Structure formats: C-alpha cells, structure tokens
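Worksheet: one structure, shown below.
The values are calculated or read from the model by the stated rules, or taken from the named source; none is laboratory data. Everything quoted here is computed from the prediction, not taken from an experiment. Reconstructed Cβ throughout: ideal geometry from the backbone, glycine too, with neighbour counts over all protein chains shown. The protein model used for the area step is the full one, side chains on, heavy atoms only, and it has no ligands, DNA or RNA in it. Shrake-Rupley method; radii C 1.70, N 1.55, O 1.52, S 1.80 Å.
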Amino acid sequence: MGGHALIVGGSIGGLLAAAALRARGWSVEVFERSDVELAGRGAGIVTHPELIAALQAVGASVDDLGVQVSERVAFDLAGDRVAEMPYPQIVTSWTRLHQLLRALLPDGAHHLGRHALSYVSEADGVRVSFADGTTARGDLLVGADGFRSSIRAQMLPEVQPAYAGYVVWRAVAQETDLSPGVHQRIFAPFGFFLPRDTQIIGYPIAGPGNDLRPGHRQYNFVWYSAVPPAALDDMLTDTAGHRHAMSIPPPLIRAEVLEAMMEDARTRLSAPFVDVLTRGERPFFTPIYDHHSPAMSEGRVALLGDAACVARPHVGMGVTKAALDALTLARCMSAADVESALKSYSTERVPAARTAHDRGQHLGRLIFDSGGSDLNRDGRHHPDMEEIMRDTAVAI
Ligand SMILES: Cc1cc2nc3c(=O)[nH]c(=O)nc-3n(C[C@H](O)[C@H](O)[C@H](O)COP(=O)(O)OP(=O)(O)OC[C@H]3O[C@@H](n4cnc5c(N)ncnc54)[C@H](O)[C@@H]3O)c2cc1C
C-alpha cells in the first residue's frame, strides 16, 4: 500500500516519519508551524544503537554522527571523580539530527508557517486545516507536533501533560571557553554530579557546523532542578508580564530568573559545572511534564514521538522512541488498509512508549525523592548514585 501522508510537525519526529514513509513508497508533506527553518535548540542528544540503526534504515548517513564518549564519571562538589563506569556511547545534538533528516526531504514536500488547527475524516481520506485558512488532504495524517500536540488535543482531549515538579536548565559552552583545568577534568566523559534531589549531566557535542575537531567542539550542560508550581508561574512570566503556558521561549526568560538560577548554581553545583554555566551561552529552561496516550491512532490519524508520549529526558529516549514509532508506522502501512495498519501501529507502540515513560518517572523519583538535602559538601552523594549512572540515557 502506498498513499499520501500529511505530517504535522517538522522537528525530528516528523522528519523521521517522512523519511520512513518515503522509504516505503509513500509520498509525504510535512507541515511545520515555524516560519523559519528549525535551528539549533542548544540541546545535546544521546544516541543508542536502535537510533543509529533507524537512521540507517531511512537512508540517513551516520558518518560523523557525534562525539564518541567511552565512560561515565560522577564528580563531587570540588570536581573530583567519585565514581566511574565504562559506557561507550555516541553523543550528538538536536541540530545534527535535524540536518541529517531534513536533507532527506525535498523542499517541495516541506512547508513552513503552516500551523495545523484541526482535522476531519472524509470518505477515503483525512483533511487537515491550518491557521492561514488553507487545508490539505491525504490518506494518512501523522501528528508529530510535540507534547502540546493539536492533533492529540482533538483525538484524546482527556490526555493532559502534568508538571513533574522540576525544570531542566540547559546551556552550551564552547570547548575553548572552558578554563583549562575544567576542560581537562570534565570534557571527555559523560559526566554527572549527583547529590541528593538534583541531577547534573554534561558531555561533549560537535561545535557549530558539526565540527568534531578537538578545540572546536562544545560542552552540553543539563541540570534538573526542583521548582514548586508557584515559582514556575513566575519563571514562565516574561518582562511584559505575560504568563506563558507550559514553557517560555528562551529569549523571553527574565534576567532576574537567570540571576536567581546562577546564584543557586553557585551554592549547590560542583565547581566545574559552575564554570561551564559562567562561560557558556545564555542558559534556558524547560519544565518537565509527563503524559502518555492510551491510544496512538484513531481512524486515519496517528500520533508519533512526543505528541503521543513524553518520557522524562533522564532516559534520553525521546528521539529513539520517535524513530521506532516512525519505523513501526511505515512497516504497518503494508497492511491492506490505513485504519487497520494504524490499529496495529498503536497496539505495538503504546506499550513501548509506556515503558519509556515509566522508566523516566522512575528515574525522576529516584533522583528527587531521596529524602535529604541536595548538598553533598560532606561527601553525601545520592544513595542510588550507581543505579542512576547506570540507567540514565540507556535505551530500554
Ligand atoms: C533536556 C532534554 C534532553 C533530552 N535528551 C534526549 C536525549 O539525549 N536523547 C533523546 O533521544 N531524546 C532526548 N530528549 C527528548 C527529545 O528532545 C524529544 O523527545 C524529541 O525532540 C521529540 O521530538 P518530536 O519531533 O516528537 O517533538 P518536538 O521536537 O517537540 O517537535 C514538534 C514540532 O511540531 C511543531 N508544531 C507544534 N504544533 C504544531 C502545529 N499545530 N502545527 C504545525 N506544527 C506544529 C513544533 O514547532 C515542533 O517543530 C531530551 C529532551 C530534553 C528536554
């Protein structure tokens, strides 16, 4: 069976779906609400063998995919090593993955500035309506429009993301901007700082233009920090007093919010990671939400990636999960008709997404519900430090 697929959302999940369906003989159109090509979101992405195999299966080149790390290392407050474990892994970036996948899609099949509002089932097809008044018709509609998905809101209005009680601060520093001592200590491994009730992760990623040469790479910093709902309200409010729903565009984060975060970092974080924050580009935060959908299809409409389910990023599985959704969707499309193909897709992927979701929640609870102060000045590391190091960013 081949047909025409409409894909809402042109981020990694949408592009993976487009590539996987095209590889199975489908024509596709991707509709992204952003007016401009999506670009670096300052985010590192951990890869897994399953993701690399999926990229190869859809025809993406995995040469120079990212930086190879060989071990996981936990540091203490002073920046000394307190735990180590060998764990080879390729760490890459959102930008790199997006470039690889975008290159597989012809420009004519990629539409920017198209904000999908709703869909309607028609005889032998599905039609989607956009905010600019246009519509498009296809045999299949894929909602790859992220955790605030409009497509999911129509399909499963009862599924609402729930705030997990903490945010993740992220920042990227140029390798050469780090002080030499800090670079020497933390740059090469997949690094952790794991006192109670917080988690810091850092690892090297390619520099601008996917530059993997020593001296031209960047360091990716990730800090999970508890924020009560009332404080989150304030953090999501911009200088004009507008309270953003669920997340705030990074340039609109108020200076006071950044200053408070830096103050907090200086008192709580391991010294090398404070150095990264001080010397890196402007940090930004994302609140962590949970949601999973009990079904990933209805009629001719499928949900994929974060639109279907968010696994907290401790598991480092979001992109891999989206890739496996995309491959499964395309494989199921060999069934006799779209609706039964999508039923098979949903049956297969709902439990897989749920497993990743549950693992993310488990890790989050392990990190934040450790029942103690988040300081480790006296050497009190998280009691489950080894489990957290072993299970973070590992495919399941
Ligand atoms: C701190 C952090 C670290 C992470 N680390 C990892 C990692 O190491 N490994 C990993 O695999 N995953 C990781 N993830 C998760 C990963 O980034 C996401 O799971 C993944 O990017 C989701 O991709 P997506 O395409 O499903 O959704 P999104 O990237 O959210 O994309 C949705 C797209 O849809 C567009 N859109 C939204 N609404 C509409 C609409 N109505 N009409 C048209 N377009 C629309 C948006 O503009 C956006 O481009 C991490 C996430 C975070 C927050």
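Across the stretch 39-59, which residue is nearest to the ligand (Cβ to nearest atom) among those that are among the hydrophobic types (A, V, I, L, M, F, W, C) and open to solvent by 60 Å² or more (accessible area, probe 1.4 Å)? Walk me through how you get there before you give the answer.
Of the stretch 39-59, the ones among the hydrophobic types (A, V, I, L, M, F, W, C) are 39, 43, 45-46, 51-55, 57-58.
Within this subset, residues satisfying the condition of being open to solvent by 60 Å² or more (accessible area, probe 1.4 Å) are 39, 57.
Values: ALA39: 11, ALA57: 16 Å.
So, considering only residues that are among the hydrophobic types (A, V, I, L, M, F, W, C) and open to solvent by 60 Å² or more (accessible area, probe 1.4 Å), the one nearest to the ligand (Cβ to nearest atom) is ALA39.
Taking GLY79 as meeting all but one of (1) open to solvent by less than 10 Å² (accessible area, probe 1.4 Å); (2) more than 9 Å from the ligand (Cβ to nearest atom); (3) in contact with a Gly (Cβ under 6 Å, 6 or more places away or on another chain); (4) closer than 26 Å to PHE221 by Cα, write down the number of the exception.
(3)
Take residues that are hydroxyl-bearing (Ser, Thr, Tyr) and tell me which of the strands (runs of 3 or more DSSP E) falling wholly in the stretch 153-267 contain 2 or more. Even if it seems obvious, please write down each step before you answer.
Values: elements: 162-174, 190-193, 199-205, 218-226.
Answer list for the stretch 153-267: 162-174, 218-226.
Which residues, counting only those in the stretch 266-303, are closer than 23 Å to PRO204 by Cβ and within 23 Å of the chain's Cα centre (by Cα)? Lay out the reasoning, then the answer.
Step one: filter the stretch 266-303 for residues closer than 23 Å to PRO204 by Cβ, giving 269-286.
Matches in the stretch 266-303: PHE273, VAL276, LEU277, GLY280, GLU281, ARG282, PRO283, PHE284, PHE285, THR286.
Looking at the stretch 372-396 only, could you name the residues that are at pLDDT 60 or above and either open to solvent by 40 Å² or more (accessible area, probe 1.4 Å) or assigned to a loop (DSSP other than H, G, I, E, B) (or both)? Don't jump to the end; show me each part of the working.
Taking the stretch 372-396 as the starting set, the residues that turn out to be at pLDDT 60 or above are 381-396.
Result: HIS381, HIS382, PRO383, ASP384, GLU386, GLU387, ARG390, THR392, ALA393, VAL394, ALA395, ILE396.
Could you grab me the full set of residues in the stretch 296-315 that are open to solvent by 10 Å² or more (accessible area, probe 1.4 Å) and more than 8 Å from the ligand (Cβ to nearest atom)?
Hits for the stretch 296-315 are SER297, GLU298, GLY299, ARG300, ARG312.
So which of SER150, SER93, SER129 is of a type in the set (Ser, Thr, Tyr) and in contact with a Gly (Cβ under 7 Å, 6 or more places away or on another chain)? Full working, then the answer.
Details: SER150 fails: in contact with a Gly (Cβ under 7 Å, 6 or more places away or on another chain); SER129 fails: in contact with a Gly (Cβ under 7 Å, 6 or more places away or on another chain).
None of the other options fit; the residue is SER93.
Can you tell me which of (1) among the hydrophobic types (A, V, I, L, M, F, W, C); (2) outside the structural domain of HIS110 (by TED's automatic domain parsing); (3) within 22 Å of LYS321 (Cβ to Cβ) is the one ALA74 doesn't meet?
Unmet condition: (3).
Please tell me if HIS292 is surrounded by fewer than 24 Cβ atoms within 10 Å (Cβ to Cβ), in contact (Cβ under 8 Å) with a residue 24 or more places away in the chain and of a type outside the set (Phe, Trp, Tyr).
In short, yes.
Being of a type outside the set (A, V, I, L, M, F, W, C), more than 24 Å from SER334 (Cα to Cα), surrounded by 19 or more Cβ atoms within 10 Å (Cβ to Cβ) and at pLDDT 95 or above is true for just one of SER129, SER150. Which residue is that? Show your work before the answer.
On the way: SER129 fails: surrounded by 19 or more Cβ atoms within 10 Å (Cβ to Cβ).
Within the list SER129, SER150, the selection yields SER150.
Give me a count of the residues in the stretch 112-125 that are open to solvent by 40 Å² or more (accessible area, probe 1.4 Å), more than 9 Å from the ligand (Cβ to nearest atom) and over 8 Å from SER34 (Cα atoms).
Residues meeting the conditions: 6.
Could you tell me which of the residues GLY14, GLY10, GLY66, GLY25 is more than 14 Å from the ligand (Cβ to nearest atom) and of a type outside the set (A, V, I, L, M)?
Values: GLY14 fails: more than 14 Å from the ligand (Cβ to nearest atom); GLY10 fails: more than 14 Å from the ligand (Cβ to nearest atom); GLY66 fails: more than 14 Å from the ligand (Cβ to nearest atom).
Of GLY14, GLY10, GLY66, GLY25, the one residue that is more than 14 Å from the ligand (Cβ to nearest atom) and of a type outside the set (A, V, I, L, M) is GLY25.
Return yes when GLN99 is within 15 Å of the ligand (Cβ to nearest atom), within 21 Å of ASP391 (Cβ to Cβ) and among the polar types (S, T, N, Q) and no when it is not. Lay out the reasoning, then the answer.
Working: within 15 Å of the ligand (Cβ to nearest atom): yes; within 21 Å of ASP391 (Cβ to Cβ): no; among the polar types (S, T, N, Q): yes.
Answer is no for this residue.
For the stretch 316-343, what are the residues that are surrounded by fewer than 24 Cβ atoms within 10 Å (Cβ to Cβ), more than 16 Å from the ligand (Cβ to nearest atom) and part of a helix (DSSP H, G or I)?
Correct list: ARG331, CYS332, GLU339, SER340, ALA341, LYS343.
Output the number of residues of the stretch 230-263 satisfying the condition of being modelled with pLDDT of 95 or more, open to solvent by 50 Å² or more (accessible area, probe 1.4 Å) and touching a strand residue (DSSP E or B) at 6+ places or on another chain (Cβ under 8 Å).
Counting residues in the stretch 230-263 that are modelled with pLDDT of 95 or more, open to solvent by 50 Å² or more (accessible area, probe 1.4 Å) and touching a strand residue (DSSP E or B) at 6+ places or on another chain (Cβ under 8 Å) gives 2.
So is VAL36 near the ligand (Cβ under 10 Å from one of its atoms), β-branched (Val, Ile, Thr) and surrounded by fewer than 22 Cβ atoms within 10 Å (Cβ to Cβ) or not? Step through it out loud before you land on a result.
Working: near the ligand (Cβ under 10 Å from one of its atoms): no; β-branched (Val, Ile, Thr): yes; surrounded by fewer than 22 Cβ atoms within 10 Å (Cβ to Cβ): yes.
In short, no.
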